[in-house]
């Protein structure tokens with residue numbers, strides 16, 4: 001059994017990406033899953049001056065410890081104006097400055113959703129390209145378009161059967177890959 005750390009790159013209290021993850025983790029029975037919120041690890045806006053003057057705070061160390069303790073990661077990336085949110089990018093900046101290879105030997109499943117028809121595809125593609133720079137291996141991805149049409153918030157489940165089956169396939173593939 002592998003330990004999977006799961007989080008969304010959003011700082012919204014009503015994050016649809018976090019809602020998607022809450023649903024997704026229910027389909028992972030064969031692994032130990034820990035769902036966290038990045039907002040529990042508050043980080044200031046990164047700057048070289050702040051790093052030089054104050055160093056790395058306890059929250060970036062704590063988040064790095066959570067990541068290092070996991071065997072694999074599931075990350076849901078949100079999108080602002082066609083790219084990853086500044087919040088998620090800031091988190092990556094702090095982590096990569098503390099440890100350039102903070103994702104070393106981590107297999108990663110990336111997911112995304114948005115209220116638009118592309119399902120945060122641009123943010124997903126950016127993240128697929130950048131995480132290997134920090135040692136991570138993106139083994140699969142899933143994007144849920146049109147969140148409001150394809151996910152019932154009141155029922156906390158996907159309502160589009162085809163997309164649901166696609167997500168299950170991706171999650172099963174990921175579970176298989178992390179066992180290798």
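Quick notes
- Set side by side, the residues 133, 118, 97 differ, and just one is closer than 15 Å to residue 77 by Cα and either surrounded by fewer than 18 Cβ atoms within 10 Å (Cβ to Cβ) or at pLDDT below 95 (or both), which is 118.
- Criterion (at pLDDT 95 or above, more than 13 Å from residue 90 (Cα to Cα) and out of contact with any strand residue (DSSP E or B) (no Cβ under 8 Å at 6 or more places or on another chain)) met by exactly one of 14, 3: 14
- All positions within segment 111-137 that are assigned to a strand (DSSP E or B) and touching a helix residue (DSSP H, G or I) at 6+ places or on another chain (Cβ under 6 Å): 112, 113
- Among the residues listed as 38, 63, 92, the single one being touching a strand residue (DSSP E or B) at 6+ places or on another chain (Cβ under 6 Å), surrounded by 13 or more Cβ atoms within 10 Å (Cβ to Cβ), closer than 24 Å to residue 15 by Cα and modelled with pLDDT of 95 or more: 38
- Checking residue 149 against (1) assigned to a helix (DSSP H, G or I); (2) over 20 Å from residue 78 (Cβ atoms), the condition it does not meet: (2)
- When segment 60-110 is filtered for residues that are over 19 Å from residue 138 (Cβ atoms), touching a residue at least 24 places away in the same chain (Cβ under 8 Å) and part of a loop (DSSP other than H, G, I, E, B), only 82 remains.
The values are calculated or read from the model by the stated rules, or taken from the named source; none is laboratory data. Just so it is clear, the model here is predicted, and its values are computed rather than measured. Every residue, glycine among them, receives a Cβ derived from its backbone with ideal geometry; neighbour counts consider all protein chains shown.
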